[in-house]
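Visitor: Below is one structure. I have some questions about it.
The values are calculated or read from the model by the stated rules, or taken from the named source; none is laboratory data. The structure displayed is predicted, hence computed values, not measured ones. Backbone-built Cβ (ideal geometry, glycine too); neighbour counts: all protein chains shown. All accessible areas refer to the heavy atoms of the entire protein, side chains included, with ligands and DNA or RNA removed. Shrake-Rupley method; radii C 1.70, N 1.55, O 1.52, S 1.80 Å.
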Amino acid sequence: VQLQASGGGLVQAGGSLRLSCATSRRTFSNNAVGWFRQAPGRGREFVATISWRGESTDYEDNVQGRFTISRDNAKNTVYLQMNSLKPEDTAIYYCAVALRPHTGRGLNNYRYWGQGTLVTVSS
């Protein structure tokens with residue numbers, strides 16, 4: 001199973017980036033997808049998740065109102081639009097697929113993980 005995360009890069013504080021996560025239809029279908037991040041010296045932490053049909057989303061408090069998770073089921077792709085970026089958002093961002101249509105924030109809820117894409121926000 002492959003999840004291809006892309007869209008990371010270097011951006012100034014206050015800027016925006018859009019991350020994408022693509023995978024196969026078999027992996028994508030009927031499953032919730034989440035985004036996580038890992039900053040240097042820290043553990044992997046939850047960022048956002050979206051249900052299979054997109055009717056339910058959840059965000060970590062520090063990104064609520066700045067980040068938006070969405071999905072295009074026809075393209076087997078999930079997006080994370082990140083606005084008003086802050087230096088503390090600097091991390092490797094990972095997408096992950098859960099084997100159920102709805103799930104929560106815990107890392108253990110997710111079965112398949114992408115390789116990560118680096119986001120660096122300069123001050």
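Visitor: Given 0.36 nm per residue, what is the gain on full extension from VAL1 to ALA39 after removing their alpha carbon distance, in nm? Provide the component values of the computation, followed by the final result.
Guide: On the way: separation 38, 0.36 × 38 = 13.68 nm, distance 2.49 nm.
Extra length available between VAL1 and ALA39 comes to 11.2 nm.
Visitor: If you take every DSSP beta bridge fully contained in the chain, what fraction is antiparallel? Give it as a percent rounded to 5.
Guide: Percentage antiparallel, nearest 5: 90.
Visitor: Suppose every K and R has +1 on its Cβ and every D and E has -1 on its Cβ; what is the size of the dipole of the stretch 19-69 about the Cα centre, in Debye to the nearest 20?
Guide: 280
Visitor: Using unit Cβ charges (K, R positive; D, E negative) and no other charged atoms, how large, in debye to the nearest 20, is the dipole of the chain about its Cα centre?
Guide: Computed about the Cα centre, the dipole is about 400 debye.
Visitor: How far apart, in nm, are the 7 Å Cα→Cβ label points at SER24 and SER70?
Guide: Taking the two extended label points, one gets 2.8 nm.
Visitor: Suppose accessible area is computed on protein heavy atoms with a 1.4 Å probe; arrange ARG25, ARG71 from highest to lowest. Could the numbers behind the result be given before it?
Guide: Numbers: ARG25 125, ARG71 40 Å².
The residues order as ARG25, ARG71, largest area first.
Visitor: With every protein chain left in place, what is the accessible area per residue of the chain in square angstrom, probe 1.4 Å?
Guide: That works out to 51 Å² per residue.
Visitor: Give me the percent of accessible area attributable to carbon and sulfur for the chain, probe 1.4 angstrom. Don't skip to the end; give the middle numbers.
Guide: Details: 2740 of 6250 Å².
Summing carbon and sulfur atoms, their accessible area is 44 percent of the total for the chain.
Visitor: Please report, for the Cα atoms of the chain, the Rg to one decimal and the Dmax as a whole number; what are they, in angstrom?
Guide: Over the chain's Cα set, Rg and Dmax evaluate to 13.2, 41 Å.
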